[in-house]
Amino acid sequence: MNKRVIVQSPYVKEGKEFIQSKYTYRYNKTESRIGENGETELIVKPQACNLEFKTDKRIGKVGVMLVGWGGNNGSTLTAGLLANKKKLEWETKEGVEKANWFGSITQSSTMHMGSQQYCTLKNVVPMLNPDDLYVDGWDISNLNIYESCRRAKVLDIQIQKALEEDLKKFTPRPAIYDPDFIAANQNDRANNIIDKAKSRWEQMEQIRHDIQDFKQKNQLDKVIILWTANTERFCRVEAGLNTTAKELLESIKNNESEVSPSTLYCVAAVLEGCSYLNGSPQNTFVPGLIELAQQHGVFIGGDDFKSGQTKIKSVLADFLVGAGLKLCSIASYNHLGNNDGKNLSSPLQFRSKEVSKQSVVDDMVLSNDVLYPNKQKDAPDHCIVIKYVPYVGDSKRALDEYISEIFMGGKNTLVIHNTCEDSLLATPLMLDLIILTELMERVTFRQIESVDADFSTPEDKQFRKMDSVMSILSYLFKAPLVNTNAPVINALFKQRGAIDNILRALVGIPAENDMLLEYKLPLSN
């Protein structure tokens with residue numbers, strides 16, 4: 001049920017075009033020092049910063065271009081958008097099913113608004129309606145999106161047949177293909193590629209032309225680019241190649257072979273002023289690319305969709321360490337039979353995935369020097385295995401074992417088996433990434449002296465965008481991209497709390513603190 005949120009507060013002002021809110025952000029600065037008695041002292045200094053946020057309510061016409069459109073995720077997202085727009089129903093042996101967005105936090109999850117009242121995230125501030133989203137993209141395979149759905153074998157056949165005529169209208173544009181970056185076993189799909197004779201700069205310019213064409217044909221106000229293609233191997237990062245924006249652009253012009261296709265897509269997006277999201281684990285965002293995005297004021301976010309095994313791991317590791325139990329070993333095995341699994345059967349591509357999966361417990365280890373006094377030297381053993389088993393298709397099997405040291409030398413072992421429909425979990429995350437990125441493109445802020453001062457005029461030149469690196473999306477990524485010197489937070493509920501509290505700030509509501517003092521103290525109001 002939709003609920004319209006109306007905030008009655010002197011610190012929020014809503015007009016026809018903008019929502020403005022005044023907000024005091026409170027945080028702590030800390031430092032460690034050795035005291036007079038030789039003990040380590042932790043100095044905590046509470047800080048406060050007054051901010052004014054401005055959210056443009058005008059969403060406009062929005063499009064997304066998917067790199068890897070014909071893959072399992074891209075074809076499933078396209079079909080899901082159509083099915084929901086048409087309010088599709090179909091019959092199964094369990095009964096009648098209806099199209100939904102289960103698994104999407106913006107569409108199907110709620111946040112606490114006070115007392116015992118909750119609201120769907122999409123109703124807190126104006127968000128893009130999925131029914132209004134335009135879709136286009138690239139793929140190395142020339143199958144139309146209906147044929148791609150048939151090949152993927154993700155959606156019920158009745159859904160595919162009901163959407164057949166609509167899905168056949170979508171055909172991917174030719175894509176950049178470099179067999180050095182993805183597994184050799186993908187060559188049999190590669191029949192829809194940009195001319196290999198073109199230089200990297202020419203390929204990048206072709207992507208820019210495609211973005212311009214999509215935007216112009218549909219009269220779009222903005223386009224977001226989302227990589228949902230195969231995992232690439234890691235590219236080298238070195239001075240003279242890609243550590244600055246100037247180096248990176250020169251390397252593309254010089255046709256350097258170590259500039260990956262995903263980096264070319266992202267450079268094209270940045271130069272076109274389009275936000276770019278990386279749903280795979282490769283190191284697309286080399287230092288020079290991050291600098292380029294910041295120079296152009298374009299949002300980037302990554303890396304690697306977090307949908308199943310790693311999402312559970314980020315909850316369990318946080319729970320165990322938070323409970324004072326010393327997590328000592330994590331063994332993660334999974335097998336799958338889709339094209340992602342086929343590509344990951346190659347060692348270099350698997351290594352990219354392994355890195356993103358292993359980093360998920362790092363911040364939990366760093367947070368507890370009782371359990372892990374030597375930090376990473378005491379970090380849990382962490383083994384990850386991925387196997388390709390064609391028969392299981394998109395139905396991925398994951399088996400995890402967690403061993404912890406407990407009271408007085410005891411051991412505790414948790415074993416979890418998880419069967420997950422890979423693309424049906426990833427697709428709602430893709431929608432959330434698009435919707436939250438589009439929202440943040442409409443949000444600006446300025447620092448103010450006091451929240452009791454008058455609201456600024458919407459035209460005030462001091463309003464500016466948030467930083468290009470979208471760490472607000474950490475909840476949706478295995479290996480969150482953050483600013484230099486910013487902490488990487490992997491604990492799932494902290495990541496979700498950040499999203500909810502930023503939405504609260506945009507409408508002038510205090511951050512959630514879970515103290516519930518109104519029920520614990522005899523407060524007068």
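The values are calculated or read from the model by the stated rules, or taken from the named source; none is laboratory data. From a predicted model like this one, the values you see are computed outputs, not experimental measurements. Please note: Cβ atoms are built from the backbone with ideal geometry, for glycine as well, and neighbour counts cover all protein chains shown. Just the protein is used for accessible areas: all its heavy atoms, side chains included, with ligands, DNA and RNA removed. Shrake-Rupley method; radii C 1.70, N 1.55, O 1.52, S 1.80 Å.
So which strands (runs of 3 or more DSSP E) stay within segment 374-448 end to end and still have 2 or more residues that are without any contact (Cβ under 8 Å) to a residue 40 or more places away in the chain and open to solvent by 50 Å² or more (accessible area, probe 1.4 Å)?
411-421
Is it the case that I252 is among the β-branched types (V, I, T), buried (at least 24 other Cβ atoms within 10 Å of the Cβ) and in contact (Cβ under 8 Å) with a residue 40 or more places away in the chain?
no
All but one of (1) closer than 27 Å to V392 by Cβ; (2) out of contact with any Phe, Trp or Tyr (no Cβ under 6 Å at 6 or more places or on another chain); (3) acidic (D, E) hold for E165; state the number of the condition that does not hold.
(1)
Just the residues that are in a loop (DSSP other than H, G, I, E, B) and either open to solvent by 100 Å² or more (accessible area, probe 1.4 Å) or touching a Cys at 6+ places or on another chain (Cβ under 9 Å) (or both), please, taken from segment 11-55.
Those that are in a loop (DSSP other than H, G, I, E, B) and either open to solvent by 100 Å² or more (accessible area, probe 1.4 Å) or touching a Cys at 6+ places or on another chain (Cβ under 9 Å) (or both): K16, E36, N37, E39.
Would you check if there is a residue in segment 295-310 being of a type in the set (K, R) and in a helix (DSSP H, G or I)?
Looking through segment 295-310, none of the residues is of a type in the set (K, R) and in a helix (DSSP H, G or I).
Going by the structure shown, is Y519 among the aromatic types (F, W, Y), open to solvent by 30 Å² or more (accessible area, probe 1.4 Å) and assigned to a helix (DSSP H, G or I)?
yes
If we keep just the residues of segment 198-224 that are of a type in the set (D, E) and out of contact with any helix residue (DSSP H, G or I) (no Cβ under 9 Å at 6 or more places or on another chain), which is least open to solvent (accessible area, probe 1.4 Å)?
By that ranking, first place goes to D213.
Sort out which residues of segment 160-182 are polar (S, T, N, Q) and open to solvent by 30 Å² or more (accessible area, probe 1.4 Å), and write them in order of number.
T171
Would you confirm, using the coordinates I've provided, whether T78 is crowded, with 17+ Cβ neighbours inside 10 Å, within 24 Å of P172 (Cβ to Cβ) and modelled with pLDDT of 95 or more?
Yes, satisfied.
Residue by residue through segment 185-197, note down the ones that are in contact with a helix residue (DSSP H, G or I) (Cβ under 9 Å, 6 or more places away or on another chain) and in a helix (DSSP H, G or I).
N185, Q186, R189, listed by residue number.
Of all residues in segment 1-25, which are under 11 Å from V451 (Cβ atoms) and either among the acidic types (D, E) or touching a Lys or Arg at 6+ places or on another chain (Cβ under 7 Å) (or both)?
Y11
For the list (1) touching a helix residue (DSSP H, G or I) at 6+ places or on another chain (Cβ under 7 Å); (2) assigned to a loop (DSSP other than H, G, I, E, B); (3) open to solvent by 20 Å² or more (accessible area, probe 1.4 Å), I need the number of the one condition that P281 fails.
That leaves (3) as the condition not met.
For segment 469-516, what are the residues that are buried (at least 21 other Cβ atoms within 10 Å of the Cβ) and over 26 Å from G103 (Cβ atoms)?
G508
Taking only segment 75-89 into account, find how many residues are outside any helix (DSSP H, G or I) and either aliphatic (A, V, I, L, M) or in contact with a Pro (Cβ under 9 Å, 6 or more places away or on another chain) (or both).
1
For the list (1) closer than 20 Å to G508 by Cα; (2) more than 21 Å from the chain's Cα centre (by Cα), I need the number of the one condition that K411 fails.
Exception for K411: condition (1).
Considering each residue of segment 183-197, count those that are open to solvent by 60 Å² or more (accessible area, probe 1.4 Å) and in contact (Cβ under 8 Å) with a residue 12 or more places away in the chain, and give that number.
Residues flagged as open to solvent by 60 Å² or more (accessible area, probe 1.4 Å) and in contact (Cβ under 8 Å) with a residue 12 or more places away in the chain within segment 183-197 amount to 3.
Given V96, V62, V135, V67, which one is closer than 18 Å to K169 by Cβ and either surrounded by fewer than 19 Cβ atoms within 10 Å (Cβ to Cβ) or within 19 Å of the chain's Cα centre (by Cα) (or both)?
V135
What's the number of the condition C149 fails, among (1) modelled with pLDDT of 95 or more; (2) farther than 26 Å from V96 by Cα; (3) buried (at least 22 other Cβ atoms within 10 Å of the Cβ)?
Here C149 clears every test but (2).
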